[in-house]
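J.: Below is a structure I'd like to ask you about.
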Amino acid sequence: KKLSLGYYDFEKMETFEYGYYLDKMIGETEIEKIDEKLEDKLFGTIIHLIYEKIVSKNKENIEKKKLLIKSKEDEKILKKEIKDVLKDVLNSYKYKISEDYLEFYKKVSFEEILNSAEKYFKELIEKLEAEKDIEIHFEERIKLSSEKELFENVFINGVTDLHIRTSDKDYLFDYKSGKLKDSYNSYKNDKVYKAMEQLDYYSIMLENDGKENLLFIKKWQF
């Protein structure tokens, strides 16, 4: 039987094969409920949406290198746009999160996200200034390429949060939220290590077209 694995299935198969098959037999269930607080997973989803929507809104300007941050006025425009996107995203969750808690998060927790997002997009725009033939692919469920066959009946597939192709490089992004460990002594157990491992997996999906495949990852701790 054909076995098609995304990254998390691949990871489960690699670390606990029996568990992978049990999960497939049992299936996944999800219960809709109003949360009194933002759980880690939902918090991460909101951050993903903010980054995705900002790139989506500015896709054409980034590709044509019309989005430049050269002055204080440019910075103010970017900051306002991030604030507006954050407001829209949070409002879309008003029936899933208690209103009182939502107001708290708006006034306290998300100020740090605004600062981090602004820093991230300024660096991204600066990084792409030197690139040519920029193409942006983001969360459109566009596979990096068609499924890749690893073994006789095992195929892998994957979708990055953001994939930017240029004339000679591929930039792969996977946004993560949450705390990173203070020490890098246990690097293999660290979120950064796992994130890089995930990008290594996605890079296998890239077509072998002779280009230099550069893995470029930015990690922010919220």
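J.: Using a 1.4 Å probe, what is the accessible area per residue for region 80-141, in Å²?
T.: 59 Å²
J.: Taking θ as phi - 60°, what are the ³J(HN,Hα) couplings along region 56-66 by the Karplus curve (6.51, -1.76, 1.60), each to the nearest whole Hz, with x for Gly and Pro?
T.: My calculation for region 56-66 gives 4, 5, 10, 3, 5, 5, 5, 4, 8, 6, 8 Hz in order.
J.: Can you work out ³J(HN,Hα) from phi for every residue in region 39-49, in order, using Karplus 6.51 cos²θ - 1.76 cosθ + 1.60 and θ = phi - 60°, giving whole Hz and x for Gly and Pro?
T.: With coefficients 6.51, -1.76 and 1.60, one gets 6, 3, 5, 5, 4, x, 4, 4, 4, 4, 4 Hz.
J.: Whose amide H sits under 5 Å from the amide H of ASP168, counting only residues 5 or more places off or on another chain, with H placed in the peptide plane?
T.: Answer set, sorted by chain and number: LYS132.
J.: Another question about this same structure. Please give the FRET efficiency for LEU3 paired with TYR95, using the beta carbon to beta carbon distance and R0 = 45 Å, rounded to the nearest 0.05.
T.: Values: r = 38 Å, r/R0 = 0.85.
E between LEU3 and TYR95, to the nearest 0.05, is 0.70.
J.: Multiply the residue gap between LEU150 and LYS59 by 0.36 nm, knock off their C-alpha separation, and tell me the result in nm, one decimal place.
T.: 29.4 nm
J.: A further question follows. If you average 1/r over every pair of different alpha-carbon atoms in region 1-124 and take one over that average, what Kirkwood value in Å do you get?
T.: In region 1-124 this quantity evaluates to 17.5 Å.
J.: Under 5 Å between amide H atoms, partner at least 5 residues away or on a different chain: which partners does LYS148 have, H built in plane at 1.01 Å?
T.: ILE156
J.: Taking Cα pairs under 8 Å and at least six residues apart, what relative contact order does region 47-130 come out at, in percent?
T.: Rounded, it is 45 percent for region 47-130.
J.: Could you tell me which of the pairs LYS41/LYS94; LYS53/LYS194; LYS122/LYS191; LYS53/LYS122; LYS148/LYS176 are separated by over 18 angstrom between their Cα atoms in the structure shown? Before the final figure, lay out each step's value.
T.: Numbers: LYS41/LYS94 16 Å; LYS53/LYS194 25 Å; LYS122/LYS191 24 Å; LYS53/LYS122 16 Å; LYS148/LYS176 25 Å.
Violating the 18 Å Cα-Cα cut-off are LYS53/LYS194; LYS122/LYS191; LYS148/LYS176.
The values are calculated or read from the model by the stated rules, or taken from the named source; none is laboratory data. Since this is a predicted model, take the numbers as computed values, not measurements. When we count neighbours, we look across all protein chains shown, and the Cβ atoms used for this are built from the backbone with ideal geometry, even at glycine. Side chains are part of the model used for accessible areas, which takes the heavy atoms of the whole protein and leaves out ligands, DNA and RNA. Shrake-Rupley method; radii C 1.70, N 1.55, O 1.52, S 1.80 Å.
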